[in-house]
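A quick write-up on the structure given underneath.
Readers should treat all values here as calculations from the given coordinates under stated rules, not as data from a laboratory. If you're wondering where the values come from, they're calculated on a predicted model, not measured in any experiment. Glycine also receives a Cβ, built like all others from the backbone with ideal geometry; neighbour counts cover every protein chain displayed.
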Amino acid sequence: MNPQEQQAILTIALMAALADGEKADTERESIRGIAESLGAEAGANGLAKVYQDVLLKRVDLAASVARLSDPGQRELAYEMAVCVCDADGARSPAETAFLADLKARLKPDAAESAAFEKVESALVEAAAVAVPVAVAATPAPAAPASPAASEVRGPDGAALDKTILNYALLNGALELLPQSWASMAIIPLQVKMVYEIGQAHGVELDQGHIREFIAAVGVGLTSQYLEQFGRKLIGGLLGKAAGRTIGGVGRAATGMAFSFATTYALGQVAKRYYAGGRQMSTALLKQSFQDLLGPAKQMQTQYLPQIQQKAATLDAGQVMAMVRGR
């Protein structure tokens, strides 16, 4: 896949991310930061410029689609756009219209698209029922606190550490899978992890609160998918034919298993937050996450063999069962 094709696919994904015109400023800034970081990694590919071109409407969908002649790349572009639009678990009318137009232009393989849509739809449905809807305890208002106030002093910390690590290993493995639907499971599993951590501290939470917590930490939903896809494209894991084989999975040691680090750092912040009575300010949540993210990225190299081993055993049925909690 050449740089122009990479740009075209990410342009389409960014257009999908902004299709409903309702993305919060924080999400836009998160996407902008990702584009800039990926642009630095890609060098001449200029992915930061891609973001600017999309935001300022200097590129159009037709031109981006025209750059993709390979059927596999067209299928990949469509799948990525679907995942981005469904990142928050609810597809808006504007996003539905965008995807319909995109599908008509890309003309992806009917059988491939049908198979993807079936699994993707099932994952979205599973995620919707994975965490209770009702809130049993109203979240306490955030207030500034010192780091010492957020130290864990609740239930079995070692058991929670093991839970967090297991979720991180699983999400790292999902990112290594070539199928686009695999990325759809990462955020629901992070939601489940935070829910379990809250439960361990006697706090019942719903999906809405958990997703707000994840966003407060600085892990955007749409932007997280874009970062995953962008790193895979630039790293070459997806290959010339839209990544239907795992290929150079060994390169994960250099940072491809991004979701391991994100999930691990998120879990540790949640552990401190709920143990400390939910008294950490948004600024402290973000800072704590960033402080933990660096060491977590180093850990992913240590756990790479386990991540690879888990990736080799996962299929759609297993992933959906995990999202549902079975």
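Quick notes on this structure:
- Taking 0.36 nm per residue of separation and subtracting the current Cα-Cα distance, fully stretching the chain between GLN287 and LYS107 would add 60.4 nm.
- The string of couplings for segment 308-321 from the Karplus curve (6.51, -1.76, 1.60, θ = phi - 60°) is 5, 4, 5, 4, 6, 10, 8, 9, 4, x, 5, 5, 5, 5 Hz, one whole number per residue in order, with x for Gly and Pro.
- In terms of surrounding Cβ atoms within a 10 Å radius of their Cβ, SER259, SER113 rank from fewest to most as SER113, SER259.
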